[in-house]
Amino acid sequence: ATPTGQHTMDMYFKMRQASKKIQHLNIEIHCMATYLHDKELYLTECQKQLQLMHPALAHQVGVHWNICARFTSYHLCCLHEISTLLGFTESIAPGESIKEGPGAAASAAAMCISTKLLPVGPTMMEEGKDEVLQDLEEEEIANADGKDSHVLEAILQVAGDA
């Protein structure tokens, strides 16, 4: 029960616990890579489905996807750096998700829009509809720094509430 003996025992159990944590983190990192991949696929599919039913909402999903994509690339870089560390035994390649249910990664995206969000009349003139959507996409690309995207989001929010 000397201080040196106590310190040695503490170090032994900390090292033993650390190896268990490394094994757990190897699995969690693989799950994180799978989640990032599945989220990108899910948002892309949601945007495609909403494009015909509710173009303004589809645009908002696209804006959300653009924001997520910025963080996804950063997270993937961090995961790559982690994968080069000594002791990392898993892969950062996306796996296959087994969770099913509404909104889960393994389920198919199925859009269900509330009746409050459905437009009563035509939201855009049928003529030039594609041009308006193309202009919105071009503006979003031009304003990638995010300054004007908040203004556009507010306009779409007001238009959707009307």
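Ordered by 1.4 Å accessible area with all protein chains kept, Thr34, Thr89, Thr44 run largest first as Thr89, Thr44, Thr34. Cα-based values for segment 1-89, radius of gyration first and Dmax second, are 21.6, 74 Å. The magnitude of the dipole of segment 1-58, with charges of +1 and -1 set on the Cβ of Lys/Arg and Asp/Glu and taken from the Cα centre, is near 240 debye.
With a 1.4 Å probe and all protein chains in place, put Leu85, Leu52 in order of accessible area, largest first. Don't skip to the end; give the middle numbers.
Numbers: Leu85 105, Leu52 150 Å².
So the residues, ranked largest to smallest area, are Leu52, Leu85.
If R0 is 30 Å, what FRET efficiency do you get for Arg16 and Thr84 from their C-beta distance, rounded to 0.05? For R0 = 30 Å, the calculated efficiency reads 0.75.
The values are calculated or read from the model by the stated rules, or taken from the named source; none is laboratory data. Keep in mind it's a predicted model, so treat the numbers as computed, not measured. Glycine gets a Cβ as well: all are built from the backbone with ideal geometry, and neighbour counts include every protein chain shown. Calculation scope for accessible area: heavy atoms of the full protein, side chains included, ligands and nucleic acids excluded. Shrake-Rupley method; radii C 1.70, N 1.55, O 1.52, S 1.80 Å.
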